[in-house]
1. Scanning the stretch 124-155 for residues that are open to solvent by less than 40 Å² (accessible area, probe 1.4 Å) and assigned to a loop (DSSP other than H, G, I, E, B), which turns out farthest from Glu52 (Cα to Cα)?
2. Determine, yes or no, whether Thr62 is surrounded by 12 or more Cβ atoms within 10 Å (Cβ to Cβ), closer than 24 Å to Ser33 by Cβ, free of Cβ contacts under 8 Å to residues at least 40 places away in the same chain and out of contact with any Ser or Thr (no Cβ under 7 Å at 6 or more places or on another chain).
3. Among the β-branched types (Val, Ile, Thr), under 18 Å from Ser166 (Cβ atoms) and buried (at least 18 other Cβ atoms within 10 Å of the Cβ): is that true of Ile35 in this structure?
4. Specify the residue that is nearest to the ligand (Cβ to nearest atom); the eligible residues are those in the stretch 76-101 that are open to solvent by 40 Å² or more (accessible area, probe 1.4 Å) and out of contact with any strand residue (DSSP E or B) (no Cβ under 9 Å at 6 or more places or on another chain).
5. Give just the number: which of (1) closer than 27 Å to Gln134 by Cβ; (2) more than 13 Å from the ligand (Cβ to nearest atom); (3) open to solvent by 10 Å² or more (accessible area, probe 1.4 Å); (4) touching a residue at least 40 places away in the same chain (Cβ under 8 Å) does Phe28 not satisfy?
Amino acid sequence: MKIFLIGFMGSGKTHWGRIWARESKMEFFDLDSIIEAQERKTIDAIFNENGETYFRETESETLKTFTEKDNCIIASGGGTPCFHDNMQWMNENGVTVYLKATPEQVMARVKDEKHKRPLLNKLDDDEILLFISQKIKEREPFYSQAHIILPVEELNTESFEKIINS
Ligand code: S3P
């Protein structure tokens, strides 16, 4: 089984992915961390120095290296499902799980680490909530194609059971 966690920044993809992988003896991968290691730069530096188009191409290519992997959980980036054919590819190559968060839940989780997030770090606090709300709305048609949708407030160590038993 190969599981792709999708959802907006701050929805807990990396946090829960790590816990669920440990609990179920699966391997865990974080797509952004793999890209950072490959490029030897932070995501923020890739956006600033190479541009978003380059990042999205690299992201899609890196995602597709998972064809050969099995028994793993992959935390994608918040934008991964919305570029190239990534959402369709993930749906055809594994089980997709959308960790669904409201704009307020996202805001509470990202406001102290916005320097790490190139799409947020040029906005002030008043602009961020509006930006998050608009982006979630724009991305929802992609996210909602997931096989399984789990609201973030319901997540716990056992939520993973639901995923593998469904
Ligand atoms: C992005 C989300 C980030 C990272 C990049 C772009 C997005 O991942 O891939 O900053 O477009 O929403 P996280 O969701 O892991 O923060």
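The values are calculated or read from the model by the stated rules, or taken from the named source; none is laboratory data. All of these numbers come straight from a predicted model, not from anything done at the bench. Cβ coordinates were reconstructed from backbone atoms using ideal geometry, including for glycine residues, and neighbour counts include every protein chain displayed. Accessible surface areas use protein heavy atoms only, side chains included; no ligands, DNA or RNA. Shrake-Rupley method; radii C 1.70, N 1.55, O 1.52, S 1.80 Å.
1. Leu155
2. Numbers: surrounded by 12 or more Cβ atoms within 10 Å (Cβ to Cβ): yes; closer than 24 Å to Ser33 by Cβ: yes; free of Cβ contacts under 8 Å to residues at least 40 places away in the same chain: yes; out of contact with any Ser or Thr (no Cβ under 7 Å at 6 or more places or on another chain): yes.
Spelling it out, Thr62 is indeed surrounded by 12 or more Cβ atoms within 10 Å (Cβ to Cβ), closer than 24 Å to Ser33 by Cβ, free of Cβ contacts under 8 Å to residues at least 40 places away in the same chain and out of contact with any Ser or Thr (no Cβ under 7 Å at 6 or more places or on another chain).
3. Details: among the β-branched types (Val, Ile, Thr): yes; under 18 Å from Ser166 (Cβ atoms): no; buried (at least 18 other Cβ atoms within 10 Å of the Cβ): yes.
Spelling it out, it is not the case that Ile35 is among the β-branched types (Val, Ile, Thr), under 18 Å from Ser166 (Cβ atoms) and buried (at least 18 other Cβ atoms within 10 Å of the Cβ).
4. Phe83
5. Checking Phe28 against (1) closer than 27 Å to Gln134 by Cβ; (2) more than 13 Å from the ligand (Cβ to nearest atom); (3) open to solvent by 10 Å² or more (accessible area, probe 1.4 Å); (4) touching a residue at least 40 places away in the same chain (Cβ under 8 Å), the one that fails is (1).
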